[in-house]
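The values are calculated or read from the model by the stated rules, or taken from the named source; none is laboratory data. What you see is a predicted model, and the numbers here were worked out from it, not measured in a lab. Don't worry about glycine lacking a Cβ; one is built from the backbone with ideal geometry, like all the others, and counts go over all protein chains shown.
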Amino acid sequence: MSGLLLRLAGPLQSWGERSAFTPVRDTAPFPTRSALIGMFAAAEGIGRDQPGLDRYQDLRLTVRVDRPGVRLVDYHTAGGGFPKDRTAATSAGSNKGAAVITRRHYLSDAVFVVAVTAADETVERLADALIRPHWAPYLGRRSCVPDEPFLLRRHVDDPEEELRTRVPLSRTAPPAKNSDGQEAGTIPVEFLLEQPPPPSSPGEPAPVDVIDVNDAPVSFAQHGRSHTGRRLHRTRLPVPRSLAGPPQTLMQRLIDYAHLEESA
């Protein structure tokens with residue numbers, strides 16, 4: 001087993017959770033398994049109506065929330081005021097000549113880092129596809145283009161440990177003191193794990209919020225999308241303060257980290 005690390009950042013992200021072509025297009029507060037597997041399938045050239053999602057069943061995904069972002073709602077219209085033949089059709093294929101109105105939810109200025117753990121041959125295949133994708137990756141919607149660097153590392157023995165100890169944080173460390181009045185060596189960061197979190201360091205363990213979500217894809221077919229449930233463990237784990245830093249040094253820290261693999 002090994003893994004790779006993805007950094008999901010950009011002006012806007014949107015991870016649809018419940019809506020499907022409804023007037024309100026919501027977003028989950030974190031990347032869904034459905035969206036991530038859809039990204040991998042698109043990179044490998046697997047169409048919506050093609051079989052092949054079984055190949056992703058054994059992927060283990062861990063999300064670190066560097067910045068949760070700010071929720072933004074876009075009042076969106078398409079068509080209206082034109083003849084029927086020049087008006088956008090609805091998802092059902094009808095065309096009434098009226099404007100199609102939706103309220104689309106986004107996360108603005110959010111940053112997530114995702115550890116993808118799988119068999120070595122699967123990791124190698126995914127990494128190759130993400131470097132040379134058949135269809136370009138996007139952050140939930142085609143209009144949400146990811147920032148660089150996108151694929152941080154492609155050969156990691158323990159990507160979940162990397163998230164906790166080595167991957168640069170896209171945030172500035174807040175001032176904090178420990179019980180002795182000295183600056184604390186770690187800062188708490190939110191994680192979403194598909195398995196219980198590792199044992200914490202001595203002291204009170206961080207509380208774990210167990211949540212059930214319905215975002216594991218069974219089919220992406222245009223008129224037959226279906227999902228099943230999975231369990232997530234949401235908690236805050238200590239991350240070295242040294243991984244954080246001012247915004248003006250972030251890009252250099254990310255570049256230096258990514259280059260560690262090339263020099264290994």
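From the list ARG67, ARG71, ARG55, which one is out of contact with any strand residue (DSSP E or B) (no Cβ under 6 Å at 6 or more places or on another chain), within 28 Å of VAL239 (Cα to Cα) and at pLDDT 85 or above?
Values: ARG67 fails: out of contact with any strand residue (DSSP E or B) (no Cβ under 6 Å at 6 or more places or on another chain); ARG55 fails: within 28 Å of VAL239 (Cα to Cα).
None of the other options fit; the residue is ARG71.
Among (1) closer than 29 Å to HIS134 by Cβ; (2) modelled with pLDDT under 90, which single condition is ALA99 missing?
Here ALA99 clears every test but (1).
Taking the condition closer than 28 Å to HIS223 by Cα, touching a strand residue (DSSP E or B) at 6+ places or on another chain (Cβ under 6 Å), at pLDDT 80 or above and surrounded by 15 or more Cβ atoms within 10 Å (Cβ to Cβ), does LEU126 pass?
So LEU126 fails the test.
So, in the range 117-145, exactly how many residues are of a type in the set (Gly, Ala, Ser) and part of a helix (DSSP H, G or I)? Show your work before the answer.
As a first pass, look at the range 117-145 and keep what is of a type in the set (Gly, Ala, Ser): 118-119, 127, 129, 136, 140, 143.
Then drop every residue that is not part of a helix (DSSP H, G or I), which leaves 127, 129.
Summing the residues that are of a type in the set (Gly, Ala, Ser) and part of a helix (DSSP H, G or I) in the range 117-145 gives 2.
Might you let me know whether the range 239-248 holds any residue that is surrounded by 12 or more Cβ atoms within 10 Å (Cβ to Cβ) and part of a strand (DSSP E or B)?
Yes, that holds for at least one residue.
Going through the range 1-44 one residue at a time, which ones are at pLDDT 95 or above and in a strand (DSSP E or B)?
GLY3, LEU4, LEU5, LEU6, ARG7, LEU8, ALA9, LEU12, GLN13
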